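Notes follow once the structure below has been shown.
The values are calculated or read from the model by the stated rules, or taken from the named source; none is laboratory data. This is a predicted model, so every value here is computed, not measured. All Cβ positions, glycine included, derive from the backbone under ideal geometry; neighbour counts span all protein chains shown. Accessible surface is based on the protein model in full, side chains and every heavy atom, while ligands, DNA and RNA are left aside. Shrake-Rupley method; radii C 1.70, N 1.55, O 1.52, S 1.80 Å.
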Amino acid sequence: MTLSLDVMSLGVPEVKDAREFYTATFAPTAEEHGGHVNLDLHGTGQLALYGNEALAADAKKDAPAPDAGFRGYVMTFIVKQPTEVKNVVDAAVQGGATVLKPAKKSLFGAFSAVYRAPDGSIWKVAAPHKKDKGPVAEPAVPTETAALLGVADMKAAKSFYEALGMKVDKDYKHYADFHPDSGTCRLGLMPRGTLAKDAGVEDGGATGFAAAVLHRRAGSREEVDATLTAAASAGGGIAVEAGESEDGYSGHFTDPDGFLWKVTAA
């Protein structure tokens, strides 16, 4: 059993509007699945868009969406060239996004910008260099996508995910991440206050359901059960017991910081 972030599911006010926004911003491949939409981010991970109420109900949560405060996570979209960062952010702004940090060079050699999408989620777009070093792709194709989680205790959070089979890649005082499987999002950890500062927002304000569920597609029902058991033993909690669902067989668990995961076997 090895946990992986196969799909990042976001709750949005209107699925149709959110699909139009993300399609114009990232140019993904989109697939309709009943009441939600799956977006393939060029082979670097998948984003699923659900109505706020539907995503909350599936996780047995009452509040359909938080207010405009910091939800505790930041999605990242890594491209090759600084100009591609600018182009992605320009497309997001045209679709209604609000810039939190304008595109600029950073201290450690990268070039990045941060915006809040119309659905309230925060996205960081970054390139590894301060100047273009090759052709600019249109549309920009990511080399990687990631979900960064703001945590209270880096050591405890890292130990939790290691207990679920994830392998640490980078490990610094204020940042750690795990090796992503091919075609999946990278999972990263930062102290919550540090992550909020990096995103250009205050740490606080959001209450209730965070309008996000991290999704693992398991290979069997036995793996679903084993993952939930391992999560509970490692310091997480069972949010929804495993059982029959629209997806097949699934259950939800929370990590030590309350982030929701769904594990599904078709």
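Observations
- Out of Ala206, Ala265, Ala211, sole residue that is modelled with pLDDT under 95, under 20 Å from Val37 (Cα atoms) and either crowded, with 17+ Cβ neighbours inside 10 Å or in contact with a helix residue (DSSP H, G or I) (Cβ under 6 Å, 6 or more places away or on another chain) (or both): Ala211
- Hits in region 78-120 (condition: open to solvent by less than 20 Å² (accessible area, probe 1.4 Å), in contact with a helix residue (DSSP H, G or I) (Cβ under 8 Å, 6 or more places away or on another chain) and touching a residue at least 40 places away in the same chain (Cβ under 8 Å)): Val79, Val88, Ala92, Ala97, Val114, Ala117, Asp119
- Residue check: Leu189 meets all listed conditions (1) touching a strand residue (DSSP E or B) at 6+ places or on another chain (Cβ under 6 Å); (2) within 18 Å of Ser250 (Cβ to Cβ) but one, namely (2).
- Residue within region 181-196 that is closer than 18 Å to Ala103 by Cα and either modelled with pLDDT of 95 or more or aromatic (Phe, Trp, Tyr) (or both) present: yes
- Ala163 being at pLDDT 95 or above, over 18 Å from the mean Cα position of the chain (by Cα) and buried (at least 18 other Cβ atoms within 10 Å of the Cβ): no
- Filtering region 214-266 to residues that are in contact with a His (Cβ under 9 Å, 6 or more places away or on another chain) and touching a residue at least 40 places away in the same chain (Cβ under 8 Å) leaves Ala239, Val240, Leu260, Trp261, Lys262, Val263, Thr264.
- Number of the exception - Met75 against (1) within 23 Å of Lys130 (Cβ to Cβ); (2) buried (at least 16 other Cβ atoms within 10 Å of the Cβ); (3) in contact with a helix residue (DSSP H, G or I) (Cβ under 7 Å, 6 or more places away or on another chain): (3)
The rows are residues; the columns are (1) in a loop (DSSP other than H, G, I, E, B); (2) over 20 Å from Arg186 (Cα atoms); (3) out of contact with any strand residue (DSSP E or B) (no Cβ under 8 Å at 6 or more places or on another chain); (4) among the aliphatic types (A, V, I, L, M).
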site	(1), (2), (3), (4)
Leu10	no, no, no, yes
Lys16	no, yes, yes, no
Tyr22	no, no, no, no
Leu39	no, no, no, yes
Thr44	yes, no, no, no
Ala48	no, no, no, yes
Ala54	no, yes, no, yes
Ala57	no, yes, yes, yes
Gly69	yes, yes, yes, no
